[in-house]
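These notes concern the structure reproduced below.
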Amino acid sequence: MSTAQGLKPSALRRLSTFLTQTKPPDPSAPAESSLANFLATAKEKYLSDIRATPSKGSEWTVVMGNEAGDLDSLASSIAYAWVQSEIGKKPSIPLIQIARDDLNLRAENLHALKLAGITNPAKQLLSTTDVLDVKPFPSSTFALVDHNRLGVAFSADNPGAKVVAVIDHHEDENFYADSDPRKVAPAGSCSSHVANLYPKEAGMPKELATLLLSAILVDTGGLREGGKAIQADRDAASYLIPLSTLVDSISSSTISSLSSTTPVVFTNIPEVKRLSDDLDHKKSDVSHLGAWDLLRRDYKEYTYTLNWHPAAPAIKAGLATVPLKLKAWGAGGKLEAEAQRWMEHQGLSVLGVLTSFRDAKKFGANGQGKHRREMAWFVRDATEAQTLQVDDVAARLWKGLEGSDEIRVRAHKKMGLSKSGGGSTPDRGKIYEQGNANATRKATAPLLKNIMESSEPS
Ligand SMILES: [Mn+2]
């Protein structure tokens, strides 16, 4: 490295020490978040490495969450990359599996990232937009969090691709038996597993603890009793709260109660409740989004091989989760038209739109609107050879969905498909109300896989 202005390195060191020591502390200036700094530096270094010498990409471990890009995936991938880089001293970079512009679709993510000092995620986080043009993918060492199967885009033409770590709370697809750690187990949030595996002696930046805690609160309805939280989530929260930015405002007796053996009622801690309510409020406020953004905001994609089909085509299917009822955004043919547009855009043969919302007219036991779910399904032929027998695929799909005890669907009473047709809507479609409002995409995705791939229609 050349030395600026002819100063000897020792002189520079003295100068910088002098400047650091004499700088008056300014309590109003936000301290540079060590986490934000790590992320921005890693991104810059990774991109300059692969642009200058693509083979240098192999020196990095790429840590990825799933492509829904929810807070759990962001927090888990950022935290695990931090552990690997800063504690394990192996260069690691979190790759957020969504396009750069889509980082703005989830207001709760922006809020939690800001609390973690990440105020400009588009600049500080590596997204798929940053590496889209580099093919084959320039790195071959992957750590997977919040999903447990490496995406095709990363293994295609990448013979050295290997998965070295898996931490997840989805159904185990049983790959990468020798990855280390390999933790695939139920939990409300994958971030809880990441926190519980964190090397406790190493110390955690408070921004990182806040980010992980935020993800856990979003995923478990604020760790409320009777919700999705299990012991792993409560253990993680008890560990993270004293390390987080909340610690300054929480009473010391509450903090010490977190390490006692008496069960903690997290909803009774006002600071935790407030953070959870803030995140929840941001998450449910999608009023500014139209049908197109709602379909891509919380979206996952799968590839299935239809072995029962004479041409055994590989098809793409997508599942979009939307936190508003269909009628509120998809009435008057908008659902069908935007579904078709999204299916064309992604090359999908099957699209499921899964809504989750509270019914303002029916009240549940907790005084809130009753929780309901709907499903809209569409089928079209997106195969290159146009050999998909759309009627066969649709018949199989309706039979499998309608026969499932897990989701318990029935024909939707208040929402039908518009009859307009005219080439701008998918070939086949159906709309259901879901009898079991507890079945999320985590249940629907394996069901769809089974319906599409099994040799016997279920
Ligand atoms: Mn998750």
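Give the residues of region 166-188 that are among the small types (Gly, Ala, Ser), within 16 Å of the ligand (Cβ to nearest atom) and surrounded by 18 or more Cβ atoms within 10 Å (Cβ to Cβ), sorted by residue number. Before you say what the answer is, go through the steps one by one.
Of all residues in region 166-188, those among the small types (Gly, Ala, Ser) come to 177, 179, 185, 187-188.
So of that shortlist, the ones also within 16 Å of the ligand (Cβ to nearest atom) come out as 185, 187-188.
If the condition is that a residue be among the small types (Gly, Ala, Ser), within 16 Å of the ligand (Cβ to nearest atom) and surrounded by 18 or more Cβ atoms within 10 Å (Cβ to Cβ), then Ala187, Gly188 are the ones that fit.
Answer yes or no: is there a residue in region 131-143 that is under 14 Å from the mean Cα position of the chain (by Cα) and farther than 21 Å from Thr53 by Cβ.
At the first step, the residues of region 131-143 found to be under 14 Å from the mean Cα position of the chain (by Cα) are none.
No, region 131-143 contains no residue that is under 14 Å from the mean Cα position of the chain (by Cα) and farther than 21 Å from Thr53 by Cβ.
Looking at (1) without any contact (Cβ under 8 Å) to a residue 40 or more places away in the chain; (2) touching a helix residue (DSSP H, G or I) at 6+ places or on another chain (Cβ under 6 Å); (3) surrounded by 21 or more Cβ atoms within 10 Å (Cβ to Cβ), find the lone condition where Asn148 falls short.
Going through (1) without any contact (Cβ under 8 Å) to a residue 40 or more places away in the chain; (2) touching a helix residue (DSSP H, G or I) at 6+ places or on another chain (Cβ under 6 Å); (3) surrounded by 21 or more Cβ atoms within 10 Å (Cβ to Cβ) one by one, Asn148 breaks only (2).
For the structure I just gave you, tell me whether Ser191 is assigned by TED's automatic domain parsing to the domain that holds Gly88, within 24 Å of Ala443 (Cβ to Cβ), of a type in the set (Ser, Thr, Tyr) and open to solvent by less than 30 Å² (accessible area, probe 1.4 Å). So that I can check it myself, show each step before the final result.
Working: assigned by TED's automatic domain parsing to the domain that holds Gly88: yes; within 24 Å of Ala443 (Cβ to Cβ): yes; of a type in the set (Ser, Thr, Tyr): yes; open to solvent by less than 30 Å² (accessible area, probe 1.4 Å): yes.
For Ser191, the condition - assigned by TED's automatic domain parsing to the domain that holds Gly88, within 24 Å of Ala443 (Cβ to Cβ), of a type in the set (Ser, Thr, Tyr) and open to solvent by less than 30 Å² (accessible area, probe 1.4 Å) - is met.
Could you please let me know if Val264 is farther than 23 Å from Ser33 by Cβ, open to solvent by less than 50 Å² (accessible area, probe 1.4 Å) and free of Cβ contacts under 8 Å to residues at least 24 places away in the same chain? Spell out the reasoning first.
Working: farther than 23 Å from Ser33 by Cβ: yes; open to solvent by less than 50 Å² (accessible area, probe 1.4 Å): yes; free of Cβ contacts under 8 Å to residues at least 24 places away in the same chain: no.
No; evaluated as a whole, the condition is false for this residue.
With respect to the numbered conditions (1) at pLDDT below 95; (2) within 16 Å of the ligand (Cβ to nearest atom); (3) open to solvent by less than 40 Å² (accessible area, probe 1.4 Å), which one is the sole condition not fulfilled by Glu67?
Looking at each condition in turn, Glu67 falls short on (3).
So, of the residues in region 38-64 that are open to solvent by 70 Å² or more (accessible area, probe 1.4 Å) and among the polar types (S, T, N, Q), which turns out to be nearest to Ser140 (Cα to Cα)?
Among those residues, the one meeting the criterion is Ser55.
What residue, among those in region 72-109 that are touching a Lys or Arg at 6+ places or on another chain (Cβ under 8 Å) and modelled with pLDDT of 95 or more, is farthest from the ligand (Cβ to nearest atom)? Can you show your working first?
Step one: of region 72-109, the residues touching a Lys or Arg at 6+ places or on another chain (Cβ under 8 Å) are 84, 91, 93, 102, 105-108.
Filter once more, keeping what is modelled with pLDDT of 95 or more: 84, 91, 93, 108.
Details: Gln84: 19, Pro91: 25, Ile93: 20, Glu108: 14 Å.
Across region 72-109, the extreme among qualifying residues is Pro91.
When Val163 is evaluated against the numbered criteria (1) more than 16 Å from the ligand (Cβ to nearest atom); (2) at pLDDT 95 or above; (3) over 16 Å from Asn66 (Cα atoms); (4) open to solvent by less than 70 Å² (accessible area, probe 1.4 Å), which criterion, by number, is the only one it fails?
(3)
The values are calculated or read from the model by the stated rules, or taken from the named source; none is laboratory data. Note that the structure is predicted; figures quoted are calculated from it, not measured. Reconstructed Cβ throughout: ideal geometry from the backbone, glycine too, with neighbour counts over all protein chains shown. Accessible surface is based on the protein model in full, side chains and every heavy atom, while ligands, DNA and RNA are left aside. Shrake-Rupley method; radii C 1.70, N 1.55, O 1.52, S 1.80 Å.
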